[in-house]
Amino acid sequence: MPTGRERQPSLAQLRAFAAVAEHLHFRDAAATIGMSQPALSGAVSALEDALGVTLLERTTRKVLLSPAGERLAERAKAVLAEVGALMEEAQAVRAPFTGVLRLGVIPTVAPYLLPTVLNLVHGRYPDLDLQVHEEQTASLLDGLARGRLDLLLLAVPLGVPGVTELPLFDEDFVLVTPLGHPLGGREGIPREALKELDLLLLDEGHCLRDQALDICREVGRADVPVSTTAAGLATLVQLVAGGLGCTLLPRTAVEVETSRSDRLCTGCFAAPAPTRRIAFAMRTGAAREAEYEELAAALREALRPLPVRVLHGGG
């Protein structure tokens, strides 16, 4: 069997192996990278020949990484990430705001800000191929670190090494109650009122859930009994309309979500109201950093008609 010194692995072979290492399934891996299953299997076998090691343990039922495969899978992903960064930098040098931009967005931002983002991109950067991925924060950060995503739009601060935040705006939280609730329609609600409310939350993994819990802790509420949760804000608000409790919505979501029912009221907190900050996040030192900063500046201006407090570049 030839050694790695005699033959260099190709990028196609590395992509095939990385896909199999991630999915541990030839069909799923082949679909992910747009390769036929026989071609994928052949590429992995060719890589094993080139490296002189067995990377996979193949059985009739499943695919497992060999000990060597476990070690080399991370190396292969790192090589592919560096090649991707090289291509990205070359593209940025050739022509800014062209090619693909893979934007990750959290679910509690996507429905309310994407119209503004898309209008901005289509109007000002028509040659930019914007691809949007809606995922929870942990998945977005993983995608950014692995090079699957280029730029994120999410709630901050993140406090993640190697990630740079470009603050966009702050927005207040609004209390949403069932029709007839004592706090419905009120202004100047004290935060302490949250201590006594039946508060409905999103499922685990949503940053908005964590923000709501943090606000409760700030006013001295140690815990929020969780009997009902929702996967999205639309369901959460319908649960409130049904009388199951109250919830907190960011201001950008209020008009969209509360217009679906006439059995809802909103109330505003006394200043300073609970808030969240939304920002772009990118890999520190990204090749397209100047583009992302320009995009952030343009988006801040485009967001001014919304019920938010737009921030300067430094926050």
Quiz prompt | In the stretch 267-305, the residues that are open to solvent by 50 Å² or more (accessible area, probe 1.4 Å) and over 30 Å from Gln91 (Cβ atoms) | solution = Ala271, Pro272, Thr275, Arg277, Arg304, Pro305
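Could you list, in sequence order, the residues of the stretch 106-127 that are out of contact with any His (no Cβ under 9 Å at 6 or more places or on another chain), open to solvent by less than 40 Å² (accessible area, probe 1.4 Å) and not aromatic (Phe, Trp, Tyr)? Please lay out each step first, then the result.
Taking the stretch 106-127 as the starting set, the residues that turn out to be out of contact with any His (no Cβ under 9 Å at 6 or more places or on another chain) are 109-127.
When the remaining residues are screened for being open to solvent by less than 40 Å² (accessible area, probe 1.4 Å), the result is 109-110, 112-114, 116-117, 120-121, 125.
Those that are out of contact with any His (no Cβ under 9 Å at 6 or more places or on another chain), open to solvent by less than 40 Å² (accessible area, probe 1.4 Å) and not aromatic (Phe, Trp, Tyr): Val109, Ala110, Leu113, Leu114, Thr116, Val117, Leu120, Val121.
Of the residues Leu65, Leu103, which single one is closer than 23 Å to Ala296 by Cβ, surrounded by 13 or more Cβ atoms within 10 Å (Cβ to Cβ) and modelled with pLDDT of 90 or more?
Details: Leu65 fails: closer than 23 Å to Ala296 by Cβ.
Every option except Leu103 fails the conditions.
Scan the helices (runs of 4 or more DSSP H) fully inside the stretch 174-267 and keep the ones with 2 or more residues being of a type in the set (Phe, Trp, Tyr).
Working: elements: 207-218, 233-241, 251-258.
By residue number, no helices (runs of 4 or more DSSP H) qualify.
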Self-check item: Which numbered condition Ala230 misses (of (1) open to solvent by less than 20 Å² (accessible area, probe 1.4 Å); (2) in contact (Cβ under 8 Å) with a residue 60 or more places away in the chain; (3) of a type outside the set (Val, Ile, Thr); (4) more than 27 Å from Ala298 (Cβ to Cβ))
Solution: (2)
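From the list Asp142, Asp198, Asp172, Asp203, exactly one residue is free of Cβ contacts under 8 Å to residues at least 24 places away in the same chain and acidic (Asp, Glu). Which is it? Spell out how you get there, then give the answer.
Numbers: Asp198 fails: free of Cβ contacts under 8 Å to residues at least 24 places away in the same chain; Asp172 fails: free of Cβ contacts under 8 Å to residues at least 24 places away in the same chain; Asp203 fails: free of Cβ contacts under 8 Å to residues at least 24 places away in the same chain.
That would be Asp142, the only listed residue that is free of Cβ contacts under 8 Å to residues at least 24 places away in the same chain and acidic (Asp, Glu).
The values are calculated or read from the model by the stated rules, or taken from the named source; none is laboratory data. The structure presented is a predicted model; accordingly, all values stated were derived computationally and were not measured. Reconstructed Cβ throughout: ideal geometry from the backbone, glycine too, with neighbour counts over all protein chains shown. SASA here: full protein model, heavy atoms, side chains in, ligands and nucleic acids out. Shrake-Rupley method; radii C 1.70, N 1.55, O 1.52, S 1.80 Å.
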